[in-house]
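Chemist: Structure incoming, see below.
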Amino acid sequence: MSKPALFEPIRVGPLYLTNRIVIAPMCQYSAESGCMNEWHLIHLGHLAISGAALLTIEATAVLPEGRITWADVGLWNDETEAALGRVLEGIRRWSDIPIGIQLNHAGRKASTEVPWAGGKQFAPNEPHGWQTVAPSPVPYSPNEIAPVALDRYQLREIREAFVAAAIRAGQLGLDLVQLHCAHGYLLHQFLSPLSNRRDDEYGGSLQNRIRYPLEVFEAVRDAFRGKSVSVRVSGTDWVEGGWDVEQTCTFAEMLEARGCHAIHISSGGLHPAQKIPVGPSYQVPLARAVKSAVRMPVVTVGLITSFEQAEAIIATGEADMVALARTIVYDPRWPWHAAAELGAQVRAPKQYLRTEPRRHHDLFEAE
Ligand SMILES: Cc1cc2nc3c(=O)[nH]c(=O)nc-3n(C[C@H](O)[C@H](O)[C@H](O)COP(=O)(O)O)c2cc1C
């Protein structure tokens, strides 16, 4: 019997992945001054032994004011780097799962309360607040404080912050950097005509709106040279007149021409008027459209929960990999169950080899 498509290996640039299951980035809002702690070791540690092929660390701010909330993880100084290093050391001692990190600047969606405390925007004069920045002084929603439009000097500073974080990621031995251009954060704010109202070379035409994200991508790629770089993008704003799948395809082609190794297609997050047709595989058509425009691996995500569903997405060529967030927190052994159900093998830690289920006595490959 041939191997299920979900368990075929794949290359993402120089990185070899043993199967097609990726753990999507998930903010934990539990850092202290940008520093990871024991929670992150528990959270990332348990996902590291799930059998997935790649673990992606949550949206990590490249500057303090680029955090979504005051409790976001950061990678902007020696302290944040050391804290992340300690968590990685703990994971690496016991697991060889490749680990990527999503680098982010939240732009106008920064300076907010953690979601479980309501998630509201803080004013700059509140204890956990600061002045936000964006391509244009357009707030996310009309009742929020407007961001300050970035000038050329600040654009350079933020690009350099992405570079510095990518260098730190390289020093920490991370396997992949993912540039966050999705969910309405700063780089997405440049892409979308709804948030980018600039009249300089960074606004207006598609070519101009794409310019800054491409500049940041090129700088990060050079700083992380020799290793894998991917981009996560919203395939559409789900708002009339906003960023859409055709523009996403053009952006993807330009990224590929500049050496991007994979593109991860999510959606939405830019505008409160979005109308998202949420349902199983709801973002897969966006990935399929991008796949017809590029040759680099395309990752799909969003309400992929069943093993047959994931297998069909890969086997029919709609996407090259599936990413899981809620699904894998709900069932951290989802890749084991998928392998058992589809008749594949999965890598398990040696400490767990004796725990192989009796019904599936050929399930494990040792790590
Ligand atoms: C708790 C939580 C935190 C998330 N944090 C991030 C993040 O840091 N970066 C990001 O790009 N997406 C983030 N997302 C979105 C997920 O990566 C994913 O795209 C989304 O949840 C859909 O996948 P799912 O249906 O498997 O949950 C988060 C989602 C959840 C549930």
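The values are calculated or read from the model by the stated rules, or taken from the named source; none is laboratory data. None of these values were measured; they are calculated from a predicted model. No Cβ is skipped: glycine too gets one built from the backbone with ideal geometry, and neighbour counts run over all protein chains shown. The accessibility values were calculated without ligands, DNA or RNA, using every heavy atom of the protein model including side chains. Shrake-Rupley method; radii C 1.70, N 1.55, O 1.52, S 1.80 Å.
Chemist: Given the condition in a strand (DSSP E or B), open to solvent by less than 10 Å² (accessible area, probe 1.4 Å) and either within 14 Å of the ligand (Cβ to nearest atom) or closer than 30 Å to Glu144 by Cβ (or both), answer yes or no: does some residue in the range 63-75 qualify?
Modeler: Among the residues of the range 63-75, at least one is in a strand (DSSP E or B), open to solvent by less than 10 Å² (accessible area, probe 1.4 Å) and either within 14 Å of the ligand (Cβ to nearest atom) or closer than 30 Å to Glu144 by Cβ (or both), which makes the answer yes.
Chemist: Taking the options Val138, Val87, name whichever one is in a helix (DSSP H, G or I), at pLDDT 95 or above and buried (at least 16 other Cβ atoms within 10 Å of the Cβ). It would help to see each step written out before you state the result.
Modeler: Values: Val138 fails: in a helix (DSSP H, G or I).
When all the criteria are applied, what remains is Val87.
Chemist: Sticking with this structure for a sec: Can you tell me which residues in the range 284-303 are near the ligand (Cβ under 10 Å from one of its atoms), part of a loop (DSSP other than H, G, I, E, B) and either of a type in the set (Ser, Thr, Tyr) or buried (at least 24 other Cβ atoms within 10 Å of the Cβ) (or both)?
Modeler: Gly302
Chemist: Follow-up. Can you list residue pairs whose Cβ atoms sit under 7 Å apart, with the first residue in the range 10-23 being within 12 Å of Ala323 (Cβ to Cβ) and the second being open to solvent by 10 Å² or more (accessible area, probe 1.4 Å) and acidic (Asp, Glu)? Count only pairs 6 or more apart in sequence or on different chains.
Modeler: Arg20/Glu8; Arg20/Asp320
Chemist: So which of Arg326, Arg347 is within 21 Å of Ile97 (Cα to Cα) and within 16 Å of the ligand (Cβ to nearest atom)? So that I can check it myself, show each step before the final result.
Modeler: Working: Arg347 fails: within 16 Å of the ligand (Cβ to nearest atom).
None of the others qualify; the one that does is Arg326.
Chemist: So which residues in the range 1-25 are within 16 Å of the ligand (Cβ to nearest atom) and of a type in the set (A, V, I, L, M)? I'd like the intermediate steps shown before the answer.
Modeler: Residues of the range 1-25 that are within 16 Å of the ligand (Cβ to nearest atom), as a first pass: 6, 20-25.
Matches in the range 1-25: Leu6, Ile21, Val22, Ile23, Ala24.
Chemist: Restricting to the range 263-283, name every residue that is within 10 Å of the ligand (Cβ to nearest atom), out of contact with any Asp or Glu (no Cβ under 9 Å at 6 or more places or on another chain) and assigned to a loop (DSSP other than H, G, I, E, B).
Modeler: Passing the criteria: Val278, Pro280, Tyr282, Gln283.
Chemist: Of everything in the range 122-135, what is in a loop (DSSP other than H, G, I, E, B) and closer than 22 Å to Asp199 by Cβ? Give them in sequence order.
Modeler: Looking only at the range 122-135, we keep the residues that are in a loop (DSSP other than H, G, I, E, B), and these are 122-132, 135.
Those that are in a loop (DSSP other than H, G, I, E, B) and closer than 22 Å to Asp199 by Cβ: Thr132, Pro135.
Chemist: A further question on this structure: Just give me the residues in the range 26-39 being within 13 Å of the ligand (Cβ to nearest atom) and crowded, with 23+ Cβ neighbours inside 10 Å, in sequence order.
Modeler: Ala31 - this is the single residue of the range 26-39 that is within 13 Å of the ligand (Cβ to nearest atom) and crowded, with 23+ Cβ neighbours inside 10 Å.
Chemist: Residue check: is His188 crowded, with 18+ Cβ neighbours inside 10 Å, within 16 Å of the ligand (Cβ to nearest atom) and assigned to a strand (DSSP E or B)? Walk me through how you get there before you give the answer.
Modeler: On the way: crowded, with 18+ Cβ neighbours inside 10 Å: yes; within 16 Å of the ligand (Cβ to nearest atom): yes; assigned to a strand (DSSP E or B): no.
So His188 does not fit the description; no.
Chemist: Here's a follow-up. Just checking, how many residues over the range 257-281 are open to solvent by less than 10 Å² (accessible area, probe 1.4 Å) and aliphatic (A, V, I, L, M)?
Modeler: Qualifying residue count, the range 257-281: 4.
Chemist: In the range 329-344, which residues are within 16 Å of the ligand (Cβ to nearest atom), in a helix (DSSP H, G or I) and farther than 16 Å from Arg20 by Cβ?
Modeler: Taking the range 329-344 as the starting set, the residues that turn out to be within 16 Å of the ligand (Cβ to nearest atom) are 329-335, 337-338.
Filter again for in a helix (DSSP H, G or I), leaving 329-330, 334-335, 337-338.
The answer is Val329, Tyr330.
Chemist: Taking the condition of being part of a loop (DSSP other than H, G, I, E, B) and either buried (at least 17 other Cβ atoms within 10 Å of the Cβ) or within 16 Å of the ligand (Cβ to nearest atom) (or both), how many residues in the range 305-323 meet it? Before you say what the answer is, go through the steps one by one.
Modeler: Taking the range 305-323 as the starting set, the residues that turn out to be part of a loop (DSSP other than H, G, I, E, B) are 305-306, 316-320.
From what is left, the residues that are either buried (at least 17 other Cβ atoms within 10 Å of the Cβ) or within 16 Å of the ligand (Cβ to nearest atom) (or both) are 305-306, 318-320.
Going through the range 305-323 one residue at a time, the tally reaches 5.
Chemist: With the requirement that a residue be away from the ligand (no atom under 16 Å from the Cβ), aliphatic (A, V, I, L, M) and open to solvent by 10 Å² or more (accessible area, probe 1.4 Å), what does the range 40-62 give you?
Modeler: Within the range 40-62, Leu41, Ile49 meet the criteria.
Chemist: On the basis of being open to solvent by less than 30 Å² (accessible area, probe 1.4 Å), within 26 Å of Val278 (Cβ to Cβ), outside any loop (DSSP other than H, G, I, E, B) and at pLDDT 95 or above, does Ser230 make the cut?
Modeler: Values: open to solvent by less than 30 Å² (accessible area, probe 1.4 Å): yes; within 26 Å of Val278 (Cβ to Cβ): yes; outside any loop (DSSP other than H, G, I, E, B): yes; at pLDDT 95 or above: yes.
The answer is yes for Ser230.
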